[in-house]
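So the structure is just underneath, and the comments pick up after that.
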Amino acid sequence: MNQALAQEIIAHHLRLFGVGKVNEEHGVILMVSPREEDVAAVRAQTAGGGLVIAVLPEPAFLASFGVTEAAIVLPPIALRYCTCSSPARSELKTLHPAFGYRQTQGETIVVLQNGMAVWFWLPLESGGIVVIGTDLAGDLLRYRQGDPACADNRPTQAMWGIAGERPNYLFESQLSGEDGTHRHADWWAMALAETVAGKLRKPLADMLPGGAPGAVIVTGDDDQAYLEKYDEQLKLLGDTPITYLLHPLTRHTQKSMRAMRKRNPGVDFGIHPDALEAPGRYGELFDEQVAWYRKLTGGTPTSLRNHGFLNDGYWGHLEAWLKHGVRISSNLPGFDGRVLNGSLLPARMAWRGTLTPHWSVLTVIGDGVRFASGMSDEDAAERVRNVADCIRQSGIPGVMVLNLHPQNVTETRAMHHAAMEIIRSGFVAWNLRQCWEWFQQRDDGRLCLADTSCQGHWFGQQWRKFQGWLGQNMADVRS
């Protein structure tokens with residue numbers, strides 16, 4: 001990975017996790033593989049009380065500060081985040097070689113099992129350096145997007161009884177032996193965000209609106225569902241936002257879509273591309289299906305999930321999504337609550353050496369767990385609640401994308417009720433568009449309350465409702 005992309009990936013995650021922009025103005029400089037010639041700039045930064053993040057520094061750079069490499073360890077490596085406040089996320093794992101350091105001063109942050117520092121804080125002048133001896137950008141990318149080497153050996157057997165390639169095999173080897181709840185990408189990103197915020201003595205911005213512990217995004221793959229099934233689902237959900245991903249053979253018309261939006265303004269429409277019968281023609285079919293979507297809806301799809309979670313090697317469909325300006329996809333299947341990509345938060349995709357404007361978020365669970373595994377509705381609902389419990393226990397907010405096909409609504413009523421319970425417990429209710437809007441604002445450096453009046457945004461809508469309620473009640477009191 002080139003240094004510019006590595007810097008972009010790390011800085012992107014720091015913004016998402018609440019640190020804000022990383023530059024001299026904000027008191028932080030991020031360097032990947034700093035060299036001896038960078039020492040003067042580091043000393044100038046720390047002399048003013050600033051902080052430097054030095055990722056995989058070269059030996060000559062470290063020697064200038066009295067630090068030497070003491071060990072090189074090959075992956076996979078179990079590490080411990082020893083300054084972590086939450087035991088649930090203190091155990092880390094890197095998929096790349098790591099460096100252990102010998103230093104005479106400072107504070108250890110991440111250590112090998114023998115206690116040797118792999119990350120540590122080195123005070124310098126009025127500031128200091130966060131020395132990182134792991135390939136942080138490489139781990140964030142590998143956990144989130146899988147192993148590109150696995151694309152050379154694609155599986156040929158059907159998965160969940162449905163023909164077609166699924167992306168799971170890109171992730172399986174790096175998650176071997178784990179229980180499926182580990183959020184490796186989120187834990188690594190939070191370790192750095194907490195460290196930086198602590199040394200700057202600045203609190204992290206809330207991850208989600210109002211400091212919510214998590215978010216629930218209900219999606220519904222159209223799959224040519226009967227329109228009365230949509231009606232039944234909307235009755236269950238009330239005014240809960242939902243993204244319906246429209247199949248090219250949907251039964252919807254412009255009139256039926258307007259009626260649903262009038263009934264629930266949180267109804268959003270994305271696209272559900274179908275190339276299962278001709279995966280080699282995906283690009284051509286996607287062009288046609290986007291043209292169909294535009295004619296039906298009058299706009300370009302913001303969100304997407306392939307029919308059957310169809311995959312094409314190492315993110316081979318991403319190029320088509322970028323071509324048509326699709327902003328967010330939820331094409332990774334957790335299936336039964338498994339955190340397949342090590343994250344329950346959206347992030348931008350890296351592709352061909354750059355960080356793209358396209359975001360990916362895991363579908364952590366779907367109603368397929370009912371039918372492919374023979375699980376009862378009640379047991380599936382308990383799986384939904386378990387995901388929410390794991391999010392709360394981790395101390396890091398998470399976004400639960402829950403895929404509930406409208407056609408299956410009769411068989412998944414308990415799963416719908418579980419989603420509503422979680423929302424009532426304090427989780428934010430979003431559709432995919434609203435999720436993308438919120439995190440895009442964070443990535444742009446516009447982090448919280450100033451954006452609550454943003455037209456069309458869920459939190460802005462709720463804030464305006466509260467202001468209206470408060471104004472009316474104050475008027476009643478005065479009268």
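The values are calculated or read from the model by the stated rules, or taken from the named source; none is laboratory data. Being a predicted model, the structure only gives us computed values, none of them experimental. Glycine gets a Cβ as well: all are built from the backbone with ideal geometry, and neighbour counts include every protein chain shown. Accessible surface areas use protein heavy atoms only, side chains included; no ligands, DNA or RNA. Shrake-Rupley method; radii C 1.70, N 1.55, O 1.52, S 1.80 Å.
List of remarks:
- Qualifying residue in the range 422-433 (condition: open to solvent by 10 Å² or more (accessible area, probe 1.4 Å) and without any contact (Cβ under 8 Å) to a residue 24 or more places away in the chain): yes
- Filtered residue count, the range 61-81, keeping only those that are in contact (Cβ under 8 Å) with a residue 60 or more places away in the chain and open to solvent by less than 60 Å² (accessible area, probe 1.4 Å): 4
- The residues in the range 183-198 that are in contact with a strand residue (DSSP E or B) (Cβ under 8 Å, 6 or more places away or on another chain) and open to solvent by 10 Å² or more (accessible area, probe 1.4 Å) can be counted, and the count is 2.
- Summed over the range 93-146, residues that are open to solvent by 10 Å² or more (accessible area, probe 1.4 Å), without any contact (Cβ under 8 Å) to a residue 40 or more places away in the chain and either within 30 Å of Pro167 (Cα to Cα) or of a type in the set (S, T, N, Q) (or both) total 7.
- Among (1) open to solvent by 40 Å² or more (accessible area, probe 1.4 Å); (2) modelled with pLDDT under 90; (3) closer than 28 Å to Gly115 by Cα; (4) not acidic (Asp, Glu), the one test that Cys84 misses: (1)
- Gly210 more than 27 Å from Ala350 (Cα to Cα), under 22 Å from the mean Cα position of the chain (by Cα) and at pLDDT below 95: yes
- Scanning the range 267-294 for residues being modelled with pLDDT of 95 or more and over 14 Å from His317 (Cβ atoms) gives a total of 9.
- Test: Gly164 is outside any helix (DSSP H, G or I), open to solvent by 10 Å² or more (accessible area, probe 1.4 Å) and at positive phi: yes
- Residue tally, condition open to solvent by 10 Å² or more (accessible area, probe 1.4 Å), assigned to a helix (DSSP H, G or I) and not hydroxyl-bearing (Ser, Thr, Tyr), over the range 381-421: 17
- Lone qualifier among Ser90, Ser64 - being under 27 Å from the mean Cα position of the chain (by Cα) and among the polar types (S, T, N, Q): Ser90
- Residue check for Ala215: crowded, with 22+ Cβ neighbours inside 10 Å, outside any strand (DSSP E or B) and at pLDDT 95 or above: no
- Tallying residues that are of a type in the set (Gly, Ala, Ser) and free of Cβ contacts under 8 Å to residues at least 40 places away in the same chain within the range 5-60 yields 6.
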